[in-house]
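The structure under discussion appears below in the form of C-alpha cells.
The values are calculated or read from the model by the stated rules, or taken from the named source; none is laboratory data. Since the structure is predicted, the reported quantities are computational estimates derived from the model, not experimental observations. Cβ: placed from backbone, ideal geometry, glycine included. Neighbour counts: every protein chain shown.
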Amino acid sequence: MNQTKLARFISLVSGCALLAFCAPKSVLAAGNVLIIADEMPQMELLVKILKTRANTTAELVNQTDVPADISGYAAVFAFVHHALLESAEKPMVDYANGGGKLIVLHHSISWAREKNKYWFPLLGMHLTPPGDPEQGLYKYVNPVTYTVVNLAPGNYITSHNVKYEGKTSYKSSDLGTPEQEYPSFTLNNSEVYLNHVFTDGKDKTILMGFKWQDPKTGRVWMQDRAGWYKKAQKGWIIYLQPGHSITDFENSTYSQIVLNALAVKLK
C-alpha cells in the first residue's frame, strides 16, 4: 500500500471512529429499549425481566436526563409519577408521532398531566380534578386488591404465552356486551384509577378492564381502562394501567403482558 492510499485509509478509519464517538446517544442505543422514570424500584425490576425473559437490554434513565432525540430506540417505556417535565414529554411525543412504540405505564396517566401541553392530546385522555367518582370525577385508590380482565382474547398482547389465574364475571363499560366471564388475574397491594375519560372517540383498541369493589360503599366498579392501544401519527401508544408496586410486575401474568406489548408488531 503506497503512502497516499495509506493516508486515505487512516483518514477514513479515524473519521468513522470520530462519528461513532460523537454519535447521539439514541443512535448508539439503536435496537435497545429506553425506560423513562422518576420512581425506580419497579423499573429496576422491569429491566431484569426484559433481560432474563426477553433477552432485551433496557436503559433506565430519570426523566431529567432524557436525550432530545430518542428515535433510535426500538421501544420506549414511560413511568413518570410526579410532574412530567417538558424536556421528557416532548421527546416521547415526537418519538411516538415519528414512528416509535411508546408504552405508557400506570401513573404516566394521572391528573398532573392535565398541565402538560402535549401529553394528553397525544394519548386522547382527560382527567378531572380528583373528587367523588360517583359524580363522574377522577379518583385513585391505594392500596387495593383488584381484578384485571382480558377483553381482547385474540389479541397478541393479552394472549401470547399469557396464563390467566381464572375467569371473572364482568360487564364491559364500553363494548355494549352483556355481563360474562373473561380470563382474569388479581393484583394485590396495587392502585386503581377510576373514571379515565377518552377524548378520541373510538380510536383506541380496548385490551383490558378492571373490576374493583369499594370496601367503604360496596359499589363494584367495572371499567374498560386497564389497557388499550392507539395509533399516533406514524407510531403507536400502548397503555397498561397496573404498575403501582413491585408486586404488580412480579405477577407472571402481568409481566408477560408487558413483554407482549414490547414484542407485538402493530399495523
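For beta carbons closer than 7 Å, sequence separation of 6+ or different chains, a first residue in region 195-214 that is charged (D, E, K, R) and a second that is part of a loop (DSSP other than H, G, I, E, B), the qualifying pairs are 200/124; 203/124; 204/124.
If you go through region 214-267 and keep only what is of a type in the set (A, V, I, L, M) and farther than 25 Å from residue 52 by Cα, you end up with 220, 222, 226, 232.
Counting only residues that are in a loop (DSSP other than H, G, I, E, B) and aliphatic (A, V, I, L, M), region 154-185 holds 2 of them.
Taking first residues from region 229-247 that are farther than 19 Å from residue 158 by Cα and partners that are assigned to a loop (DSSP other than H, G, I, E, B) and not polar (S, T, N, Q), the Cβ contacts under 7 Å between residues at least 6 apart in sequence or on separate chains come to 234/98; 234/99; 235/98; 235/99; 235/100.
Selection of region 240-267 for residues being among the aliphatic types (A, V, I, L, M), in a helix (DSSP H, G or I) and closer than 21 Å to residue 140 by Cα yields only 246.
The residues of region 250-267 that are buried (at least 16 other Cβ atoms within 10 Å of the Cβ) and either of a type in the set (Ser, Thr, Tyr) or over 24 Å from residue 159 (Cβ atoms) (or both), listed by number, are 253, 254, 255. Of all residues in region 144-153, those satisfying the criterion of being assigned to a strand (DSSP E or B) and out of contact with any Gly (no Cβ under 8 Å at 6 or more places or on another chain) are 144, 145, 146, 147, 150. Taken over region 179-225, the criterion of being surrounded by 22 or more Cβ atoms within 10 Å (Cβ to Cβ), of a type outside the set (S, T, N, Q) and within 19 Å of residue 130 (Cβ to Cβ) is satisfied by 192, 193, 210, 225. Within region 104-143, the set of residues being outside any loop (DSSP other than H, G, I, E, B), surrounded by fewer than 22 Cβ atoms within 10 Å (Cβ to Cβ) and in contact with a strand residue (DSSP E or B) (Cβ under 6 Å, 6 or more places away or on another chain) comprises 126, 133, 139, 140, 141, 142, 143. Given the structure, is residue 108 closer than 23 Å to residue 46 by Cα and polar (S, T, N, Q)? Answer is yes for this residue. Listed here are the helices (runs of 4 or more DSSP H) enclosed by region 1-68 that have at least 2 residues being at pLDDT 95 or above: 40-54. Taking the criterion of being in a strand (DSSP E or B), within 17 Å of the chain's Cα centre (by Cα) and over 20 Å from residue 261 (Cα atoms), the residues of region 186-231 that qualify are 190, 191, 192, 193, 198. Beta carbons closer than 6 Å, at least 6 apart along the sequence or on distinct chains, pair a first residue in region 113-138 that is over 18 Å from residue 204 (Cβ atoms) and in contact (Cβ under 8 Å) with a residue 24 or more places away in the chain with a second that is among the aliphatic types (A, V, I, L, M) and in a loop (DSSP other than H, G, I, E, B) for 116/84; 128/137. Applying the criterion of being among the polar types (S, T, N, Q) and either buried (at least 18 other Cβ atoms within 10 Å of the Cβ) or modelled with pLDDT under 95 (or both) to the residues of region 226-249, the residue that is farthest from residue 179 (Cα to Cα) is 245.
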